[in-house]
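The values are calculated or read from the model by the stated rules, or taken from the named source; none is laboratory data. Just so it is clear, the model here is predicted, and its values are computed rather than measured. Virtual Cβ from ideal backbone geometry, glycine too; neighbours counted across all protein chains shown. Side chains included, ligands, DNA and RNA excluded: accessible areas come from the protein's heavy atoms. Shrake-Rupley method; radii C 1.70, N 1.55, O 1.52, S 1.80 Å.
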Amino acid sequence: SSSTLLFSFISAAVGLDCTGNDALLQVKYNITEDVWNSTRPSNIYALPFLILQDNEQQQQQTEYSTFTDLVDIEKCLPRDECSTVVVAGLPTSTYDISFDGEHVEIGARFHYEEKNPITSTDVGTCIKHPPTCQDTEALVEVQFWSGQFSYRNNEFRIEDKHGDTILNGGSTSREYSSVIYSLNSTYACVARQNSCYTFLIGSGFEWNQGYSLPAYSLFFDGSLVHTNDSFQFDSAQFGDSCQPLCNQDNESLVELFLYDDDQFDFEYKWELKLLADDSSTPFASGEVSIGLNKSPLYHKTMCTPKQSCSSFLISAPAASGLNMPIYSLATDATIYREIQWYPGFNSQTPNNQTTTMGSCTVNGLCDVQTHDLFDLEVHTPAAYKFWDGRSSVMIPYGNVTWNFDYSDDETRVPPISRSDALLSASHYISTAYKTGSSYGTIECVPKSKGDCDYSFNMTADSAVESYAVKKNGVQLVNTQGVEGLIWKNHDSFMTKLLMTPFGQSCSQPNPSKRGLSVGAIAGIVIACLLVLCLLLCVITMCLKRRRREEQQNQRDEEDPLRETLL
């Protein structure tokens, strides 16, 4: 049923007569029940709704649970103020908006559910403030849509080719609304010719699969440059003199994003080392200053020699434990880590974290006497859909689950000191996976006593296009479908796995030794005990019955008249 907040909507049948400086807003629906039924999404929770936001950003919302809830709207609004009408979950052809007797074209459109968009339309006197640019300048505009999130957790900026900020918005901008479903625009005049600009955006909350996510559109000189409604971090270059950031013939691009909007002064330190370089001096290093009136979004690019192996170390002060930065690290578009990090939160999350990237060898990275090189590359599919049919360019991180752990499930059951697998997907990606992308993990792992004590295990239903596991540079191909135990979110469960033994000549695992989780073993033990108890009861009853029969026969022998009487 419909619900109303702050104001009262009045049915068009009443017929409002606005006076003074007010003008009539009308939202009329022209949809049949058959069309309503045919355009409902598979997810019943994505209800259509209408929001009216006034000049002071106060909102009134009405949800439409059933067709009968759709009632034409009339409202008297100030003519010289700006109001916004947001309509979600209905085909744009099924409603019409008018103000002060004139038709109003439906405004910006954003993704809501798989069949219908969400739209934002301004009515009244809505004065945007784009500057008047000179003839040699072009107008840059960023339209930012807050979506269903009311908190200020996004930051964007545009830098010139010298790295200077020429435009910014988001959590550090007072101009940006903190209310849900709001659209804001930011403008700047920039040089049109011989220029290159970089747009950067990041979010302080891990991406999730909501129904109206934050989105942006970037315009340059009247043309759309880039738009995105599913991102954790994103960047785009535009202008007439942009060049590749690195020499593509002999260099690799390393890119770092970090977001932390903590209001207390704080400083992360990082360094990048080339592992083939004998020098103790880092190839690159830097500091990330966090605090009040500082941008929460940090971005850095570096060019390293092609086919090199590099190690990235990030550290936080020892007094940390409350900070929860999100950072992303990639080399040549292969993402090696994108997580929300909790430095110093507990013994499992130290104040520093190391990520290995690039083209690494066991001799160059590991102690070959004690360690082997584990190298994983995962490719995600070009398209992905949620369970309710919505298409997405992002894949929830829980839909890609893998572990590197002991081969036998019995050995995998960890001691109290270990609450996870030796290596796990969530150690490296805890935000979301991008479709059509590459992900990598490189680690030195302790040598096992036997050649096949370890294995790589991926759930059979993981949303991946392909993956490759290498041991000391050699790809392992003996992948087998098994039923086994795997860790996810610090908990274990039995499921269908694609198991790749971490060895060159490992035999098919013995199903009788593959296991049984602690819960399964406990279930079998309990079942055996129940059967044993039942068997003891049957035996006891049989013995009692036999004893009664013997006692009866004995009495018959002692009383000879009994047989005569019978």
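General observations
- Within the range 261-282, the set of residues being outside any strand (DSSP E or B) and crowded, with 19+ Cβ neighbours inside 10 Å comprises just one member, Asp261.
One line per residue, one yes/no per condition, for (1) assigned to a strand (DSSP E or B); (2) touching a residue at least 24 places away in the same chain (Cβ under 8 Å); (3) touching a helix residue (DSSP H, G or I) at 6+ places or on another chain (Cβ under 7 Å); (4) not polar (S, T, N, Q):
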residue	(1), (2), (3), (4)
Leu329	yes, yes, no, yes
Tyr336	yes, yes, no, yes
Tyr342	no, no, no, yes
Met357	yes, yes, no, yes
Cys360	no, yes, no, yes
Gly364	no, yes, no, yes
Leu376	yes, yes, no, yes
Ala382	no, yes, no, yes
Gly389	no, yes, no, yes
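- Applying the condition of being within 19 Å of the chain's Cα centre (by Cα) and charged (D, E, K, R) to the range 368-399 and asking which residue is surrounded by the fewest Cβ atoms within 10 Å (Cβ to Cβ) yields Lys385.
- Pick from the range 103-135, criterion open to solvent by 40 Å² or more (accessible area, probe 1.4 Å) and of a type in the set (D, E, K, R), ranking: modelled with the lowest pLDDT: Lys128
- Any hit, the range 228-235, residues being surrounded by fewer than 21 Cβ atoms within 10 Å (Cβ to Cβ), outside any loop (DSSP other than H, G, I, E, B), in contact (Cβ under 8 Å) with a residue 12 or more places away in the chain and among the small types (Gly, Ala, Ser): yes
- Any hit, the range 246-258, residues being assigned to a strand (DSSP E or B) and out of contact with any Lys or Arg (no Cβ under 9 Å at 6 or more places or on another chain): yes
- Members of the range 236-245 found to be assigned to a strand (DSSP E or B) and either acidic (Asp, Glu) or open to solvent by 80 Å² or more (accessible area, probe 1.4 Å) (or both), listed by number: Gln237
- Some residue of the range 153-174 being open to solvent by 50 Å² or more (accessible area, probe 1.4 Å), within 28 Å of Ser42 (Cβ to Cβ) and touching a residue at least 12 places away in the same chain (Cβ under 8 Å): no
- Within the range 465-489, being at pLDDT 95 or above and more than 26 Å from Ser310 (Cα to Cα) holds for one residue alone: Glu465.
- Subset of the range 410-432 that is at pLDDT 85 or above and not hydrophobic (A, V, I, L, M, F, W, C) - its residue that is farthest from Ile442 (Cα to Cα): Thr431
- Any hit, the range 7-16, residues being surrounded by 15 or more Cβ atoms within 10 Å (Cβ to Cβ), assigned to a strand (DSSP E or B) and at pLDDT below 70: yes
- Of everything listed in (1) open to solvent by 30 Å² or more (accessible area, probe 1.4 Å); (2) in contact with a Ser or Thr (Cβ under 9 Å, 6 or more places away or on another chain); (3) at pLDDT below 95, the single unmet condition for Ser177 is (1).
- Condition met for Leu272 (under 23 Å from Gly358 (Cα atoms) and modelled with pLDDT under 95): no
- Neighbours by Cβ (under 8 Å, 6+ apart or cross-chain): first from the range 197-214, farther than 14 Å from Ala432 by Cβ and at pLDDT 85 or above; second surrounded by fewer than 22 Cβ atoms within 10 Å (Cβ to Cβ) and aliphatic (A, V, I, L, M): Tyr197/Ile166; Tyr197/Val190; Thr198/Ala236; Phe199/Val225; Phe199/Ala236
- Condition met for Ser430 (open to solvent by less than 40 Å² (accessible area, probe 1.4 Å) and out of contact with any helix residue (DSSP H, G or I) (no Cβ under 6 Å at 6 or more places or on another chain)): no
- Entirely in the range 92-165, the strands (runs of 3 or more DSSP E) that have 1 or more residues that are under 18 Å from Asn30 (Cα atoms), in contact with a strand residue (DSSP E or B) (Cβ under 8 Å, 6 or more places away or on another chain) and not hydroxyl-bearing (Ser, Thr, Tyr): 95-99, 102-104, 117-124
- Per-region count, the range 310-332, residues modelled with pLDDT of 90 or more and either surrounded by fewer than 21 Cβ atoms within 10 Å (Cβ to Cβ) or among the acidic types (Asp, Glu) (or both): 5
- Unique residue being closer than 25 Å to Phe144 by Cβ and surrounded by 14 or more Cβ atoms within 10 Å (Cβ to Cβ) when the list is Glu255, Glu251: Glu255
- When Glu251, Glu287 are checked against the criterion of being touching a strand residue (DSSP E or B) at 6+ places or on another chain (Cβ under 8 Å) and either free of Cβ contacts under 8 Å to residues at least 24 places away in the same chain or within 21 Å of Glu206 (Cα to Cα) (or both), a single residue qualifies: Glu287.
- Subset of the range 187-212 that is within 22 Å of Ser295 (Cβ to Cβ) and under 15 Å from the mean Cα position of the chain (by Cα) - its residue that is surrounded by the most Cβ atoms within 10 Å (Cβ to Cβ): Gly202
- Of residues in the range 61-102 being open to solvent by less than 50 Å² (accessible area, probe 1.4 Å), of a type in the set (Phe, Trp, Tyr) and within 19 Å of Pro48 (Cβ to Cβ), the one modelled with the lowest pLDDT: Tyr64
- Scanning the range 224-282 for residues that are farther than 28 Å from Ala108 by Cα and acidic (Asp, Glu) returns Asp249, Glu251, Glu255, Asp260, Asp261, Asp262, Asp265, Glu267, Glu271, Asp277, Asp278.
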